[in-house]
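Notes for the one structure printed next.
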Amino acid sequence: MSDVVVVEHLTKLYELGDDHVVGIENVSMRIEAGEFIAVMGASGSGKSTFMHLIGMLDEPTSGSYFFEGIDAIRLTGDERADIRSRRLGFVFQSYNLLPRTSALENVELPMIYAGVPEQQRERIALEKMALIGIAHLRDHNSNQMSGGQQQRVAIARAMVNNPGLILADEPTGALDTKASKDVMELFTTLNNEHGITILLVTHEADVAAFAKRIITFRDGAIISDVRRGEVAA
Ligand code: ADP
Ligand code: MG
């Protein structure tokens, strides 16, 4: 299996005047293609810091990070933005769809940033929407869709450039139990049947239970890393 993410001794300190707060400290781990990982931990344990570093939305204080074999630390801001738009897919708790914009146009958006020719954009967007079972929502605006439907549109948007990794920060945090289960079943199908690599943050054990591997943070460090079927140490 090929490595999508390799981090060694990754540390992020937030400077506060003369002092600092530990975001994460000395984190080493790898993610292989095809994995489905849930990141858990109490509030303030470093989950979002870790996600932001992996998503190249923030820069570490020290340590190394290779994404698909590329040394992310050495990239310029523009190069990072380019990888972010072409190789990473993001899903947020609040969906982050553009208002007064159709589902289809929302899904097409990352392809505009990635420079995909206009003629291809609609076809690819509809292909992903059909895969997820939301092609019928193509002309719906956000205010015409349920939370679960909006999150499916956001997931189609995250998949449209065939990213090497999908990062989802509390993707079910705003959904009721039924919609939450539906979204997690969708992630499971995308992972099992389409080989999509997923890293998902949640503080809910029943959401994490869908993943094949659960990593738990405490005080900025990984305190457990368990694959399904393994017994926790
Ligand atoms: P989680 O997502 O698990 O709740 P975070 O990664 O947001 O945890 O936070 C980890 C630690 O870093 C916490 O102590 C938090 O207060 C601190 N922290 C996070 N972001 C910032 C920031 N922008 N400035 C200062 N401290 C921060
Ligand atoms: Mg957080």
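Listed values, structure above:
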{"read-out": "Members of the range 86-113 found to be within 16 Å of I54 (Cα to Cα) and open to solvent by 30 Å² or more (accessible area, probe 1.4 Å), listed by number", "value": "R86, R87, F90, F92"}
{"read-out": "Residue under evaluation A205, criteria (1) of a type in the set (A, V, I, L, M, F, W, C); (2) open to solvent by less than 50 Å² (accessible area, probe 1.4 Å); (3) within 16 Å of ligand 1 (Cβ to nearest atom); (4) out of contact with any strand residue (DSSP E or B) (no Cβ under 7 Å at 6 or more places or on another chain), criterion not met", "value": "(2)"}
{"read-out": "Residue ranges of helices (runs of 4 or more DSSP H) in the range 43-119 with at least 1 members closer than 20 Å to G147 by Cα and among the polar types (S, T, N, Q)", "value": "103-113"}
{"read-out": "Residue among L131, L175, L186, L190 that alone is more than 21 Å from R84 (Cβ to Cβ), open to solvent by less than 40 Å² (accessible area, probe 1.4 Å), touching a helix residue (DSSP H, G or I) at 6+ places or on another chain (Cβ under 8 Å) and in a helix (DSSP H, G or I)", "value": "L186"}
{"read-out": "Single match in A232, A221 (criterion: at pLDDT below 95, among the aliphatic types (A, V, I, L, M) and over 17 Å from the mean Cα position of the chain (by Cα))", "value": "A232"}
{"read-out": "Some residue of the range 51-60 being β-branched (V, I, T) and within 21 Å of T197 (Cα to Cα)", "value": "yes"}
{"read-out": "Checklist (1) within 16 Å of ligand 2 (Cβ to nearest atom); (2) on the phi > 0 side of the Ramachandran plot applied to N162, failing item", "value": "(1)"}
{"read-out": "Cβ-Cβ under 8 Å pairs, at least 6 apart or on other chains, the range 111-129 side at pLDDT below 90, far side assigned to a helix (DSSP H, G or I)", "value": "Y113/S85; A114/S85; A114/R86"}
{"read-out": "Scope the range 159-172; condition in a loop (DSSP other than H, G, I, E, B) and more than 16 Å from ligand 1 (Cβ to nearest atom); matching residues", "value": "V160, N161, N162, P163, G164"}
{"read-out": "Members of the range 165-188 that are among the small types (G, A, S) and either at pLDDT below 95 or over 18 Å from L88 (Cα atoms) (or both)", "value": "G173, A174, A179, S180"}
{"read-out": "Test: residue in the range 137-158 that is of a type in the set (V, I, T), within 30 Å of V21 (Cβ to Cβ) and away from ligand 1 (no atom under 16 Å from the Cβ)", "value": "no"}
{"read-out": "Output for the range 193-213, where each listed residue is within 20 Å of F67 (Cα to Cα) and not in a loop (DSSP other than H, G, I, E, B)", "value": "I198, L199, L200, V201, R213"}
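The values are calculated or read from the model by the stated rules, or taken from the named source; none is laboratory data. These numbers come from a predicted model, not from an experiment. FYI the Cβ positions are ideal-geometry reconstructions off the backbone, even for glycines, and counts take in every protein chain you see. Calculation scope for accessible area: heavy atoms of the full protein, side chains included, ligands and nucleic acids excluded. Shrake-Rupley method; radii C 1.70, N 1.55, O 1.52, S 1.80 Å.
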